[in-house]
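To start, the structure itself, in structure tokens.
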Amino acid sequence: MKNYLTIDDLPNLDNAVAEALTLKKDPYKYNNIGKNKTLGMLFFNPSLRTRLSTQKAAQQLGIHTMIMNFSNEAWALEFEDGTEMSGLRSEHIKEAAAVVSQYCDIVAIRAFASLTDKESDETEKVMHNFAKYASIPVVNMESATAHPLQALADAITIKEHSTIKRPKIVLTWAPHPKALPHAVANSFTRMVQKLDAEFVIAHPDGYTLDPKITKSTPLYRNQEEAFEGADFVYAKNWCSYTDYGKVLRTDNSWMLTAEKLKNTNHAKFMHCLPVRRNIVVSDDVLDSPNSLVIEQANNRTFSAQVVLKKIIENG
Ligand code: AN0
Ligand code: CP
């Protein structure tokens, strides 16, 4: 594996999950594999889990890390080709990516969707231009349309907590006051589609995800109907895809509560975090023993560790 830009870059999801679970039992087993290698981590947006878990994963493989908040510490980047750079942008991606490649052996990047320009977001301008102009492998730490390190951590968590061979997994939209990206929902959907699972998505009118992602996955407008017999309920807000970047409703009728989970198969609750309590999900769900959110966060380390290990092994 050269780059890890989407969950589809993994040669085999089941094998990656199995390898992550092996690493989890003995995290320092390969602590020499990254000797004298450097991972550059560039953040255009905030992070708690991604930053610390990826850095921890690197440490456990013996990789050095260099971390930079690109949004306020680096020169503003120009991405247009052939432009006369007379405006606010001081440095072209061509030089920036090539320069980072001089100091690092792998570069990981977080660059969220603008949520103002759908076409531009879908070109994955930042991630794809780094991949184009860097001479080193690129890892996606959440781009405009994908969050594959989260999806792999979620696959690991589902594997650990599945009590039946073919669990029912529900991805449900939940309310949020601000417009949030589609990246987490997209990558979770692409990941679960690869599992041996019954998978459905529930969301209100106006919140259908990109049909190129959902494909033939059943879409429910009735949340409680979707929840019937569920083994895992994954809550996430996303803004409207069709009315791009808009928040169409802020009422709490889609908030996840313990009451709504009554007709599930004692469903485990999942969320990528950060989560707004009693907006997205009620305290009684988040604080219940069925909540896997902290375990998901823990598994971010082993998700990143598998990805970095595979990239290093690729040479
Ligand atoms: C981001 C999102 O929804 O994509 C990051 C989640 C990992 N969430 C927020 O901005 C609150
Ligand atoms: N889940 C996740 O990616 O969290 P951070 O935004 O804190 O990195």
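The values are calculated or read from the model by the stated rules, or taken from the named source; none is laboratory data. Note that the structure is a prediction, hence the values are computed from the model and not measured. Cβ sites come from the backbone with ideal geometry, for glycine too, and all protein chains shown count toward neighbours. Note: areas computed on protein heavy atoms with side chains; ligands, DNA, RNA excluded. Shrake-Rupley method; radii C 1.70, N 1.55, O 1.52, S 1.80 Å.
One table, with the values for the structure above:
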| item | result |
| --- | --- |
| Qualifying residue in segment 106-115 (condition: under 20 Å from Val184 (Cβ atoms), surrounded by fewer than 16 Cβ atoms within 10 Å (Cβ to Cβ), under 19 Å from the mean Cα position of the chain (by Cα) and at pLDDT 95 or above) | yes |
| Lys25 open to solvent by 80 Å² or more (accessible area, probe 1.4 Å), at pLDDT 95 or above, within 16 Å of ligand 2 (Cβ to nearest atom) and not polar (S, T, N, Q) | no |
| Residue list for segment 274-301, restricted to those being within 16 Å of ligand 1 (Cβ to nearest atom), open to solvent by less than 30 Å² (accessible area, probe 1.4 Å) and under 13 Å from Ala174 (Cα atoms) | Val280, Val281 |
| Residue list for segment 36-53, filter: within 12 Å of ligand 1 (Cβ to nearest atom) and part of a helix (DSSP H, G or I) | Arg49, Thr50, Arg51, Ser53 |
| Unmet criterion (only one of (1) open to solvent by 10 Å² or more (accessible area, probe 1.4 Å); (2) out of contact with any strand residue (DSSP E or B) (no Cβ under 9 Å at 6 or more places or on another chain); (3) under 17 Å from Met141 (Cα atoms)) for Asn3 | (2) |
| Asp14 being under 27 Å from Ala197 (Cβ atoms), modelled with pLDDT of 95 or more, touching a strand residue (DSSP E or B) at 6+ places or on another chain (Cβ under 9 Å) and open to solvent by 30 Å² or more (accessible area, probe 1.4 Å) | no |
| Residues of segment 10-54 satisfying the condition of being of a type in the set (D, E, K, R) and out of contact with any Gly (no Cβ under 7 Å at 6 or more places or on another chain) | Asp14, Glu19, Lys24, Lys25, Asp26, Lys29, Lys37, Arg49, Arg51 |
| Test: residue in segment 222-229 that is within 16 Å of ligand 1 (Cβ to nearest atom) and open to solvent by less than 50 Å² (accessible area, probe 1.4 Å) | no |
| Qualifying residue in segment 162-181 (condition: under 13 Å from the mean Cα position of the chain (by Cα), under 23 Å from Leu10 (Cα atoms), surrounded by 16 or more Cβ atoms within 10 Å (Cβ to Cβ) and within 16 Å of ligand 2 (Cβ to nearest atom)) | yes |
| Ser143 vs. criteria of a type in the set (Gly, Ala, Ser), modelled with pLDDT of 95 or more and more than 18 Å from the chain's Cα centre (by Cα) | no |
| Residue within segment 231-238 that is open to solvent by 60 Å² or more (accessible area, probe 1.4 Å) and at pLDDT 95 or above present | no |
| Count of residues meeting criterion [hydroxyl-bearing (Ser, Thr, Tyr) and either assigned to a loop (DSSP other than H, G, I, E, B) or closer than 17 Å to Asn3 by Cα (or both)] in segment 267-315 | 3 |
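Here is a yes/no grid of residues against (1) within 16 Å of ligand 1 (Cβ to nearest atom); (2) touching a residue at least 12 places away in the same chain (Cβ under 8 Å); (3) not acidic (Asp, Glu):
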| residue | (1), (2), (3) |
| --- | --- |
| Ser114 | yes, yes, yes |
| Glu122 | yes, yes, no |
| Phe130 | no, yes, yes |
| Ile136 | no, yes, yes |
| Pro167 | no, yes, yes |
| Lys178 | yes, yes, yes |
| Val184 | yes, yes, yes |
